[in-house]
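Data block below; observations after.
Quick note: the coordinates plus some simple rules give every number you see, no bench work behind them. In this text, all values refer to a predicted model and were calculated from it rather than measured experimentally. Using ideal geometry, Cβ is built from the backbone for each residue, glycine included, and neighbour counts are taken over all protein chains shown.
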């Protein structure tokens, strides 16, 4: 055995031996100092300026959205809304023309046939006007004069089902009363008609008359 072996006793681990935590305490203290330094840096004037600049981006976005919303509202009330009102006015004009034309087409008396048919033709145009002229001369006039047929039409409802700048289709609901020499008491009938119109020199005129 050497001299070193004789002078250095063997150390066995024993219970109750305390571990020196001084090193750990120093490390925790250093970490705390680093955190404090970081907090101090964040509270510096430059850091505060950086933080205060952050909300400017959403504020700018909000202002931009408000400006866009204001522009949209201005466009709606100055541009789009008048267009919608114009469309409503055009639709009403087409509906009125369909109502008046339907009443004229389906109303006549034996004593005023020529006048009644002329009034009806003023609401028509194109091939349908030609067809109506031939039909009234060949079919309606002989029956009305021989049997004394009188018809009176009343529109009880109408609405535009299609609307274009120069054409429209209007659904018309009609009540019609028909009387004759053989049946003096008027017979009532209800029907619905699709009235197709076209604009000619600013006026809506009927080009098709389809009972449904």
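Tabulated results
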{"read-out": "Förster radius 22 Å - calculated FRET efficiency between residue 122 and residue 177, Cβ distance, rounded to 0.05", "value": "0.45"}
{"read-out": "Mean separation of Cα contacts under 8 Å (6+ apart) over length of the range 87-211, as relative contact order %", "value": "26 percent"}
{"read-out": "Peptides 104-116, 182-194 ordered by average Cβ neighbours within 10 Å, highest first", "value": "104-116, 182-194"}
{"read-out": "Inter-probe distance in nm under a simple model that places probes 7 Å from Cα toward Cβ, at residue 201 and residue 164", "value": "2.3 nm"}
{"read-out": "Difference of contour (0.36 nm per residue) and Cα-Cα distance, residue 114 to residue 141", "value": "8.8 nm"}
{"read-out": "Alpha-carbon centroid distance for the pair the range 134-212 / the range 90-130, whole angstrom", "value": "7 Å"}
